[in-house]
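Structure record follows, encoded as structure tokens.
The values are calculated or read from the model by the stated rules, or taken from the named source; none is laboratory data. A quick note: this is a predicted structure, and the numbers were derived from the prediction, not measured. Cβ placement follows ideal geometry from the backbone for every residue including glycine, while neighbour counts extend to all protein chains displayed. Accessible surface is based on the protein model in full, side chains and every heavy atom, while ligands, DNA and RNA are left aside. Shrake-Rupley method; radii C 1.70, N 1.55, O 1.52, S 1.80 Å.
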Amino acid sequence: MAMPRVRPQAWARILLSWLGWRTEIVPPTVAKCVIIVYPHTSNWDFVIGYLAKLAAGLPAHWIGKDSLFRGPFGRIFRWMGGLPVNRREPTGLVRQLVRAMDSRPSMWLAVAPEGTRSRLDHWKSGFYRLALEAGVPVGLAFIDYPSRTVGLREYIALTGDEAKDLARIRAEYAGKTGKRPELASEIRFRPERGA
């Protein structure tokens, strides 16, 4: 008698449970959206977050620095939904991602607005510009280490008023703590030069 096959989704749920994690994920109800993940303070965030993505059956793509996609892991990361980005020089990434979203019938794209695991005094604004230009909502995902919860429960439509939108985002992330809390970046954008 053949053993029943266990799907990757079931394996991810089992593994998360063994590790003591739980998920509170409400999938998007729209075909396209940007999902931000905060706080991002450890390499473990990717492992836990990817397992949660599998467990929930979310066909989300994610972006990562292009150096991760070199060598033998490049194909694997692309198969896992990864899209490489060059963070060393301006490349019109937002415009490229808008075109990618426009060209597909559906696309959920997960990004870490901090852009790094190191502490910054601001977030990168690319996700915000992408969501506005593509006309898609933003999902607010989190990895909270004290409660060992990966969540995605709230989706917001941006208004274009940065102060108002960031205040709402800040309120949703209140109390969410990364593995290394001292590395969590402030939820604000860097002021424009000369402003």
(Q) Could you work out how much longer the chain between R129 and A163 gets when fully extended? Use 0.36 nm per residue separation minus the Cα distance between them, nm to one decimal. (A) 10.8 nm
Q) Leaving out ligands, DNA and RNA, what percent of the accessible area of the chain is carbon and sulfur, probe 1.4 Å? A) 56
Q. Which FRET efficiency value, to the nearest 0.05, do you get for R190 and S42 by plugging their Cβ-Cβ distance into 1/(1 + (r/R0)^6) with R0 = 22 Å?
A. 0.45
Q | GNM result for the chain, Cα springs below 10 Å: residue of P39, P146, P105 fluctuating most strongly | A | P105
Q | Amide H contacts under 5 Å for Y38, placed H, 5+ residues apart | A | A141, F142, I143
Q) Which ³J(HN,Hα) values in Hz, rounded to whole numbers, follow from the phi angles of region 65-78 under the Karplus curve 6.51 cos²θ - 1.76 cosθ + 1.60, where θ = phi - 60° and Gly and Pro get x? A) 4, 4, 5, 5, 9, 8, x, x, 7, x, 5, 4, 5, 5
Q | For G82, residues with placed amide H under 5 Å, excluding near neighbours | A | W62
(Q) Looking only at the chain, where both bridge partners belong to it, what percent of the DSSP beta bridges are antiparallel (to the nearest 5)? (A) 25
Q | Across K124/K176; K65/K124; K53/K179; K53/K176; K32/K53; K32/K164, pairs whose alpha-carbon gap is larger than 21 Å | A | K32/K164
Q | Highest-MSF residue in the chain out of V30, V94, V150 [GNM, Cα springs under 10 Å] | A | V30
